[in-house]
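Worksheet: the structure to be examined is printed underneath.
The values are calculated or read from the model by the stated rules, or taken from the named source; none is laboratory data. Note that the coordinates shown come from a computational prediction; the quantities given were computed from them, not determined experimentally. Neighbour counts are summed over all protein chains in view; Cβ atoms, including those assigned to glycine, are modelled from backbone coordinates with ideal geometry.
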Amino acid sequence: MQRPLAILLACTACAFAQEKPVAEVNASTMAASVRRGVDFLIADQNPNGSWGGATRTKGLNIYAPLPGAHHAFRAGASGLALSGLIDSGDTRPETLAAIEKGGAWMEAELPKLRRADQTTTYNAWGHAYGMRALTRLYKTAKDDAAKEKWKRLAQEQCDLANRYMDINGGWGYLDIYDGLTTQKPTGITTCFTTATVLLAMREARDVMGIKLDDRIVKASVASVERQRTPDFAYVYSHSHIYRPRVPINRPAGSLARSQACNATLRAFGETKVTDKVIHEWAERFIDREGFLSIGRKRPVPHETHFQISGYFYYYGVFYFTESVEFLPAAEQKAHAEKLAKLILFRQEKDGSWWDYPLYDYHQPYGTGYSLMAMAWCQKKLVPKS
């Protein structure tokens with residue numbers, strides 16, 4: 001019964017997609033794209049200032065214990081949407097009002113974020129992308145009192161994330177396979193969830209000066225390193241270390257993960273991740289993006305080539321920028337132009353970007369990732385006046 005549903009959703013997706021070839025990437029086309037994305041997020045924002053919700057369900061839904069899983073999904077999606085709005089640089093009154101509402105929701109709701117129950121740690125995504133948003137609110141704050149508020153909240157999110165680090169080091173999102181009920185998670189430590197949390201912590205530390213727990217960082221970086229293969233692909237999770245060449249763990253299956261994981265290891269001092277490695281994986285991401293794209297908008301996770309899921313797509317787009325940022329400035333422009341062309345090509349008619357039908361969270365998170373990535377491209381491609 002899932003196949004007809006998949007076909008129907010694929011046809012619907014095509015009807016609403018833009019996906020027109022981009023002849024030229026320039027300041028005008030990028031600015032217009034960003035504005036359309038911002039307009040979408042303003043219109044899509046919930047009255048309480050958040051984005052997304054537990055609606056628009058389909059025949060196959062991601063496991064989400066109520067109500068906490070959806071609090072985590074909404075925190076993650078809202079953090080990304082708010083970060084995208086701020087990075088856009090849009091100063092229209094309606095944009096500033098949406099940012100203020102989003103910040104108020106973050107202030108009220110992030111301190112409440114915990115794991116839904118002992119079977120999931122989706123809250124790791126909320127802590128990570130909450131920190132991303134708080135970092136941007138800090139940078140744009142007008143006075144010291146506001147800056148101190150955002151810093152305090154970010155430190156709290158960092159400390160909460162530490163509480164849920166897996167016994168293998170790092171973070172995962174499910175804890176359902178070993179039959180154990182433990183205070184400390186013993187589930188699936190995934191390299192990309194770990195990279196997501198660590199890079200958010202690093203940004204918050206570098207911008208706001210929050211304190212990181214060195215033991216947590218060391219154990220988590222070591223977890224990512226253990227999941228690295230010699231060709232700088234990264235296996236899906238800690239248990240996959242023993243199956244490094246099943247399809248999902250091959251380079252094509254790791255296209256998105258390698259961007260985040262290479263950036264993480266480089267950020268925390270791993271010398272094996274050289275400029276050459278980052279450049280080669282950036283080129284590979286662009287050249288083989290089609291593998292990721294085949295998985296976009298399919299409702300069944302891991303059903304396509306190399307067991308790729310749709311939700312790998314814009315994750316990889318954003319972390320491409322985090323990885324390439326480590327290259328010499330002179331080398332970043334060419335990568336930025338290729339990525340900008342890709343982002344422009346994938347934008348939907350309504351101004352959003354999305355890759356996987358996840359309740360009602362997919363458009364805000366995809367648009368948030370894309371706006372942050374496009375803002376990075378603009379900085380590399382548009383000369384300052």
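Here Tyr319 meets each of (1) assigned to a loop (DSSP other than H, G, I, E, B); (2) in contact (Cβ under 8 Å) with a residue 60 or more places away in the chain; (3) of a type in the set (Ser, Thr, Tyr) with one exception, condition (1). Of all the residues in segment 128-173, those that are in contact with a helix residue (DSSP H, G or I) (Cβ under 6 Å, 6 or more places away or on another chain), within 30 Å of Ser239 (Cβ to Cβ) and of a type in the set (D, E, K, R) number 1. If you check Ser28 against the conditions, is it among the hydroxyl-bearing types (Ser, Thr, Tyr), in a loop (DSSP other than H, G, I, E, B), at pLDDT 95 or above and under 19 Å from Ser370 (Cα atoms)? Against the criterion (among the hydroxyl-bearing types (Ser, Thr, Tyr), in a loop (DSSP other than H, G, I, E, B), at pLDDT 95 or above and under 19 Å from Ser370 (Cα atoms)), Ser28 does not qualify. Run down Glu322, Glu280 and say which single residue is within 21 Å of the chain's Cα centre (by Cα) and among the charged types (D, E, K, R). Criteria check complete, one pass: Glu322.
Residues are listed down the side, and each one gets a yes or a no for (1) touching a Lys or Arg at 6+ places or on another chain (Cβ under 9 Å); (2) part of a helix (DSSP H, G or I); (3) within 21 Å of Leu82 (Cβ to Cβ):
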{"residue": "Gly126", "(1), (2), (3)": "yes, yes, yes"}
{"residue": "Met131", "(1), (2), (3)": "no, yes, yes"}
{"residue": "Tyr138", "(1), (2), (3)": "yes, yes, yes"}
{"residue": "Gln155", "(1), (2), (3)": "yes, yes, yes"}
{"residue": "Ala161", "(1), (2), (3)": "no, yes, yes"}
{"residue": "Asp166", "(1), (2), (3)": "yes, no, no"}
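Of the residues making up segment 102-159, those that are of a type in the set (S, T, N, Q) and surrounded by 20 or more Cβ atoms within 10 Å (Cβ to Cβ) number 5. Given the condition of a type in the set (Val, Ile, Thr), within 30 Å of Tyr361 (Cα to Cα) and at pLDDT 95 or above, answer yes or no: does some residue in segment 305-317 qualify? Yes, there is a match, as at least one residue in segment 305-317 is of a type in the set (Val, Ile, Thr), within 30 Å of Tyr361 (Cα to Cα) and at pLDDT 95 or above.
Of all the criteria given as (1) touching a His at 6+ places or on another chain (Cβ under 7 Å); (2) among the small types (Gly, Ala, Ser); (3) more than 24 Å from Arg226 (Cβ to Cβ), the one not satisfied by Ala161 is (3). Within segment 164-176, does at least one residue satisfy the condition of being on the phi < 0 side of the Ramachandran plot, aliphatic (A, V, I, L, M) and crowded, with 24+ Cβ neighbours inside 10 Å? Yes. When Pro4, Pro21, Pro67, Pro47 are screened for being at pLDDT 95 or above and surrounded by fewer than 19 Cβ atoms within 10 Å (Cβ to Cβ), only Pro47 passes. Here is a check on your reading of the model: is Gly89 buried (at least 24 other Cβ atoms within 10 Å of the Cβ) and either farther than 20 Å from Tyr315 by Cα or acidic (Asp, Glu) (or both)? Considered against the rule, which asks whether it is buried (at least 24 other Cβ atoms within 10 Å of the Cβ) and either farther than 20 Å from Tyr315 by Cα or acidic (Asp, Glu) (or both), Gly89 comes out as no.
Looking at segment 192-310, the helices (runs of 4 or more DSSP H) lying wholly inside it that each contain 3 or more residues that are surrounded by 24 or more Cβ atoms within 10 Å (Cβ to Cβ) and touching a strand residue (DSSP E or B) at 6+ places or on another chain (Cβ under 7 Å) sit at 255-267. On the stretch given as segment 82-115, residues that are without any contact (Cβ under 8 Å) to a residue 60 or more places away in the chain and either over 20 Å from the mean Cα position of the chain (by Cα) or farther than 27 Å from Pro65 by Cβ (or both) total 19. When restricted to residues that are surrounded by 24 or more Cβ atoms within 10 Å (Cβ to Cβ) and free of Cβ contacts under 8 Å to residues at least 24 places away in the same chain, segment 177-191 contains 0.
Which residues, taken from segment 325-359, are of a type in the set (Phe, Trp, Tyr) and under 22 Å from Leu199 (Cβ atoms)? Those that are of a type in the set (Phe, Trp, Tyr) and under 22 Å from Leu199 (Cβ atoms): Phe326, Trp353, Tyr356.
Within segment 31-74, the set of residues being closer than 27 Å to Gln378 by Cα, among the hydrophobic types (A, V, I, L, M, F, W, C), under 19 Å from the mean Cα position of the chain (by Cα) and not in a loop (DSSP other than H, G, I, E, B) comprises Val34, Val38, Phe40, Leu41.
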